[in-house]
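Working notes for the structure below.
The values are calculated or read from the model by the stated rules, or taken from the named source; none is laboratory data. Everything quoted here is computed from the prediction, not taken from an experiment. Here Cβ is always computed from backbone atoms with ideal geometry, including for glycine, and neighbour counts include all displayed protein chains.
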């Protein structure tokens, strides 16, 4: 089995200054979490660099919530990774900006949660969250980093997608990427995302509408009457791909958690080794031994090729690797129906 740890994620913390209703990871504030020290993160960065990791994502929780974030980041940066940073942009201090200006990441991803402070108060528990996020993005956009903005809608904000898109594009010249699918909490998360997520029909409708609009906007006005949009399924691979979890997780990508565990996928901690105690490379090499998946009953489903179900999602939605989540099934069936209508 050919496995190379090319793409890594460092989950510096599960703590966050926001309490987003749809968060899959957030723990209770009272729950003790023994996080790796700055020195331990820097040492692990050295280990994964020597193991051949090329790209590294720094995320959380909210990574900027750690008081030693700049120390960790400054220690990781010289290792030579293609660095990405995910943040909610509400904690972008002068000290953070001084560090990022000296050592800019290749990519920065910011998730947005509403169109105004009232949205942030209702969804994230931060009364001035929108203003702080806008201020943070203004600072981050001065860096030579590729800036990506995302929006995760809830039942409260699903009708505001077009408003947010226009508002953000007018201000920053960036169309936010829609992250419409919201799964249940994982790894002991304390929130209940399923209580506020859009329905499968709403999810398909908004995803389809935005995708079609974005494609049409790419066509110059003078050519639009000559262009017809068509849809086709993703390419089928004839070559058998080696996999542990149905994707590249544990084969070419990995996550090191806040406490030093090595996971194939950040959503799934059923299978893990200990990067802190064993060392990264031994933990990476031993990881496949921990993965044991039973046959899934969806194997003969007519929609299997275009379904996004994976072991992590099955576990999150049903509590079992053999569970069949109605949320995913309904989204897949509605998407296939929409394809037929489009054709």
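Just to verify a result, which residue in segment 158-178, among those that are assigned to a loop (DSSP other than H, G, I, E, B) and within 20 Å of the chain's Cα centre (by Cα), is surrounded by the fewest Cβ atoms within 10 Å (Cβ to Cβ)? That would be 174. Whenever a residue of segment 83-103 is free of Cβ contacts under 8 Å to residues at least 12 places away in the same chain and at positive phi, it has no partner that is part of a helix (DSSP H, G or I) and surrounded by 16 or more Cβ atoms within 10 Å (Cβ to Cβ) lying with C-beta atoms less than 7 angstrom away and at least six residues away or across chains. All conditions in (1) within 17 Å of residue 113 (Cβ to Cβ); (2) part of a helix (DSSP H, G or I) hold for residue 181, with the sole exception of (2). The residues listed here are 187, 197; of these, the one that is buried (at least 16 other Cβ atoms within 10 Å of the Cβ), assigned to a loop (DSSP other than H, G, I, E, B), modelled with pLDDT of 90 or more and on the phi > 0 side of the Ramachandran plot is 187.
Residue 277 falls short on exactly one of the conditions (1) farther than 23 Å from residue 312 by Cβ; (2) surrounded by 16 or more Cβ atoms within 10 Å (Cβ to Cβ); (3) modelled with pLDDT of 95 or more, and that condition is (2). Considering 242, 292, 305, the condition of being exposed (fewer than 14 other Cβ atoms within 10 Å of the Cβ), in a loop (DSSP other than H, G, I, E, B) and in contact (Cβ under 8 Å) with a residue 60 or more places away in the chain is satisfied by 242 alone. Whether a residue is closer than 29 Å to residue 42 by Cβ, modelled with pLDDT of 95 or more and not in a loop (DSSP other than H, G, I, E, B) was assessed, and residue 255 passes this test. Comparison of 89, 102 shows that the only residue that is at pLDDT 95 or above and more than 26 Å from residue 193 (Cα to Cα) is 102. For residue 38, the requirement of being touching a helix residue (DSSP H, G or I) at 6+ places or on another chain (Cβ under 8 Å) and either surrounded by fewer than 19 Cβ atoms within 10 Å (Cβ to Cβ) or within 26 Å of residue 132 (Cα to Cα) (or both) is not met.
Residue count for segment 255-285 satisfying the condition of being closer than 19 Å to residue 311 by Cβ and either without any contact (Cβ under 8 Å) to a residue 60 or more places away in the chain or more than 22 Å from the chain's Cα centre (by Cα) (or both): 9. If the condition is being in a loop (DSSP other than H, G, I, E, B) and under 14 Å from residue 17 (Cβ atoms), then segment 67-114 contributes 67, 88, 89, 90, 91, 92, 93, 113. Restricting attention to segment 14-24, the residues being closer than 15 Å to residue 58 by Cβ and surrounded by fewer than 22 Cβ atoms within 10 Å (Cβ to Cβ) number 1.
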